[in-house]
Amino acid sequence: MDVAQALHDGRHGDPFSILGPHLKGDSAVLTAVDHGAATLAAVVDGEAHPLTRVSDGLGVFSGRIPAGAPYVLRGGDGNGNDWEYQDAYRFGPVIGEMDEYLLGEGTHQRIWKVLGAHVMTHEGVDGTHFAVWAPNAQRVSVVGGFNHWDGRRHVMRKRGATGVWEIFVPGVGDKEVYKYEIIGPHGDLQPLKADPVGFGSQHPPENASMVRDIRGFGWQDQEWMGHREGNNARTAPIAVYEVHLGSWKRHPEEGNRPLSYIEAAEQLVDYVADMGFTHIELMPVSEYPFDGSWGYQPVGLFAPTVRHGPPHEFRNLVEAAHRKGMGVILDWVPGHFPTDAHGLGKFDGTHLYEHADPREGFHQDWNTLIYNYGRIEVKNFLVSNALYWLEEYHVDGLRVDAVASMLYRDYSRAHDQWIPNKDGGRENYEAIAMLRDTNSIVYGQQPGIMTVAEESTSFPGVSQPVDSGGLGFGYKWNMGWMNDTLRYMEQDPIHRQYHHHQMTFGIHYAFSENFILPISHDEVVHGKGSMLDKMPGDRWQKFANLRAYYGFMWGHPGKKLLFMGQEFAQPGEWRHQEQLSWGVLEDPAHRGIQNLIRDLNGLYRGYPALHVKDCDPAGFQWIELNDNQQSILSWIRRGSEHDAEIAVVCNFTPVERQGYRMGLPSTGRWREVLNTDAEVYGGSGKGNMGGVEATDTAWQGQPASAEVLLPGLSTLIFVKDG
């Protein structure tokens, strides 16, 4: 194919070498393509310089113009209709040499500053700069309404060995819809692709990227940012409210639409603050095509989902939480991505982001693709994305989804369906390196943030520093504790004596990691029922069991996490397409659970003994762990030297225990600061008249003790006066 034909067809791999002005002596030779023009001229300082069609039937024109002069192109259809526009090929590159070097090296920590679509003024003209990584493509074009989705019109400039293509398109601005049209290495046209580093998207099911100008928000959360490190520390009270933003509340009268970011900034933030939680954790907000994935199969990792509004409005939500003294954690999904044609799969006609071999590159459980963590550009893409959310949106933490699936090459695979590492083992060295690099960089670049691993195995050192051989996460979800204790609570109380160890075993490893105790969305979907459904007995006993369990959880070492709706005993399983059952709060039993969670959060935040040593064995001591016959547990929580000690006792049978002697670490008055059987929580109202008096009768290994009334199915919390 000759050059003119290749330019006309948009298949020339280096159009900038020919199109645009090129100096020839004292003037410049200008070559341009306009497929709809019968005539074409360059207008310089109001004077038209006609260009000549280089070949019949082709929209390629050429001619001389004054050297170095700005110009616009004027086309005509021969019927008196003219149009003028800026020529994208007269503009120089935007990406600098240092950016190009770092991109090629795979060490550019802020690739979103270079790649993606950036509204800017370039060489005195307003427009948008587009840049995308597609190293194996023969040609890449940006297409959209601005060029009639015609891939021949804005073929991009390839930047050497980096594999990055770029172009500045004058006149394109905020909210313009676009995709990339790519010709693969064998000359085949690929499906139109969304921008991997795009900042916005169309509303699903439409899936084009959208230009979003994310500059200039004007943050007003300096006070929070200045002291958030203390709010995320191991010694801080951390009580997380996990939210699926699409179903927390909806507007049935408006087509059942979910809340906008702006509405959530008021309604959600005010509610969570009133309930006493310290952090809001949002299930993934990175753009995703399928509602039923809940965001865990993202396509646009750099785009806050448009389901709730544009990027700046997501910032409004984060800022509103900060003004109320709460942090915001995002679920982050670097473990896999969906196979949608507009996504990352075979992006430039090759297995670019994913492994080519399905034994490494395909998740059988989820029918998704796995990132090739060993490719430096892919690792850089993910590490930079983590930093992006923390830096651009002031997010306070990232909870990394499905870490176990990343750590092991044989995750959920038969023996002949995976490839060992170079040493013959099952560990995924490349994924481990990516996670370590991510944690090292984000903690180094954004002081005070936290990262959290959802990791369901006993992989060592998940929340230990990288320089000590760990993965470098700040916290780890305690999945073992969750599974054991929920299996215990599902037992009829008469059988609990045979499962007593399920409530005590967690202490054996409670301080091996910095743990968060999670009751997440995963526990109330796929036929598992709601938390209330899990509890045995009649209606009253179900609520009493749940109250006692929550008391046990908040008294137990470890930070806390509760999925939305469970704070008022959502009666049924969570459904992503419906709002929570807020109407049940008219029922005193449900309202009582809500009151309990609010008060538990207040105690947890107010008494250092309940949080300062959540991750320190010095903060815990058993009083009684072996009373399986009565299904009673008791323990002490301690903070710093001068903090009041806390004693917790749980009765997991419906039998009331009067005169139960409980060991205590000191004599004197112990106030009953919480009783899950209190009437305000929906209980029977039985208790200890505000407290007990401990005498010097040694008991249960403690130097003092007191007679305590333990209501059936209850947890009581006492604090030492003074």
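The values are calculated or read from the model by the stated rules, or taken from the named source; none is laboratory data. Quantities reported herein were computed from a predicted structural model and do not represent experimental measurements. No Cβ is skipped: glycine too gets one built from the backbone with ideal geometry, and neighbour counts run over all protein chains shown.
A few remarks follow.
- Filter pass, PHE168 being farther than 30 Å from HIS279 by Cβ and surrounded by 23 or more Cβ atoms within 10 Å (Cβ to Cβ): yes
- Residue pairs meeting the criteria (Cβ under 6 Å; at least 6 apart or on separate chains; first not assigned by TED's automatic domain parsing to the domain that holds SER714 and outside any strand (DSSP E or B), in segment 607-635; second β-branched (Val, Ile, Thr) and surrounded by fewer than 19 Cβ atoms within 10 Å (Cβ to Cβ)): VAL612/THR235
- Cβ-Cβ contacts under 7 Å between residues 6 or more apart (or on different chains), taken from a first residue in segment 222-244 that is over 15 Å from TYR475 (Cβ atoms) to a second residue that is hydrophobic (A, V, I, L, M, F, W, C) and not in a loop (DSSP other than H, G, I, E, B), are listed as TYR241/VAL272; TYR241/ILE280; TYR241/LEU562; VAL243/LEU268; VAL243/ILE280; VAL243/LEU282.
- Count of segment 393-433 residues which are free of Cβ contacts under 8 Å to residues at least 40 places away in the same chain and in contact with a helix residue (DSSP H, G or I) (Cβ under 6 Å, 6 or more places away or on another chain): 2
- Among the residues making up segment 564-584, those that are assigned to a helix (DSSP H, G or I) and either in contact with an Asp or Glu (Cβ under 9 Å, 6 or more places away or on another chain) or surrounded by 15 or more Cβ atoms within 10 Å (Cβ to Cβ) (or both) are GLN566, GLU567, PHE568, VAL584.
- Segment 499-517 - residue that is without any contact (Cβ under 8 Å) to a residue 60 or more places away in the chain and touching a helix residue (DSSP H, G or I) at 6+ places or on another chain (Cβ under 8 Å) and, of those, surrounded by the fewest Cβ atoms within 10 Å (Cβ to Cβ): TYR509
- Listed by position, the strands (runs of 3 or more DSSP E) inside segment 677-722 whose residues that are of a type in the set (A, V, I, L, M) and more than 23 Å from HIS642 (Cα to Cα) number at least 1 are 704-710.
- PRO289 part of a loop (DSSP other than H, G, I, E, B), more than 25 Å from GLY606 (Cα to Cα) and touching a Phe, Trp or Tyr at 6+ places or on another chain (Cβ under 9 Å): no
- Given (1) out of contact with any helix residue (DSSP H, G or I) (no Cβ under 9 Å at 6 or more places or on another chain); (2) in a strand (DSSP E or B), number of the condition CYS650 does not satisfy: (1)
- Taking segment 518-539 as the range and being touching a Gly at 6+ places or on another chain (Cβ under 9 Å) and surrounded by fewer than 18 Cβ atoms within 10 Å (Cβ to Cβ) as the test, the residues that pass are GLY529, ASP533.
- Criterion: in the same structural domain as SER684 (by TED's automatic domain parsing) and either under 28 Å from MET283 (Cβ atoms) or modelled with pLDDT of 95 or more (or both) - qualifying residue of PHE543, PHE652, PHE552: PHE652
- Test: residue in segment 269-282 that is in contact with a Leu (Cβ under 6 Å, 6 or more places away or on another chain) and not in a helix (DSSP H, G or I): yes
- Checking ASN367 against (1) surrounded by fewer than 20 Cβ atoms within 10 Å (Cβ to Cβ); (2) on the phi < 0 side of the Ramachandran plot, the condition it does not meet: (2)
- Residues that are among the hydrophobic types (A, V, I, L, M, F, W, C), assigned to a loop (DSSP other than H, G, I, E, B), more than 29 Å from ASP348 (Cα to Cα) and at pLDDT below 95 are absent from segment 243-252.
- Taking the listed residues ASP348, ASP331, the one that is touching a strand residue (DSSP E or B) at 6+ places or on another chain (Cβ under 9 Å), outside any loop (DSSP other than H, G, I, E, B), buried (at least 23 other Cβ atoms within 10 Å of the Cβ) and of a type in the set (D, E, K, R) is ASP331, with no other qualifying.
- Test: residue in segment 199-221 that is surrounded by fewer than 21 Cβ atoms within 10 Å (Cβ to Cβ) and outside any loop (DSSP other than H, G, I, E, B): no
- Test result for GLY226, among the small types (Gly, Ala, Ser) and in a helix (DSSP H, G or I): yes
- Put simply, of GLU105, GLU100 the only residue that is more than 18 Å from PHE16 (Cβ to Cβ), touching a residue at least 60 places away in the same chain (Cβ under 8 Å) and not hydrophobic (A, V, I, L, M, F, W, C) is GLU105.
- Of the strands (runs of 3 or more DSSP E) lying entirely inside segment 116-188, those carrying at least 1 residues that are of a type in the set (Asp, Glu), on the phi < 0 side of the Ramachandran plot and within 31 Å of the chain's Cα centre (by Cα) are 164-170, 177-183.
- Criterion (surrounded by fewer than 19 Cβ atoms within 10 Å (Cβ to Cβ), of a type outside the set (Val, Ile, Thr) and at negative phi) met by exactly one of GLU287, GLU281, GLU319, GLU254: GLU254
- Pick from segment 455-487, criterion in contact (Cβ under 8 Å) with a residue 60 or more places away in the chain and in a helix (DSSP H, G or I), ranking: nearest to the chain's Cα centre (by Cα): TRP481
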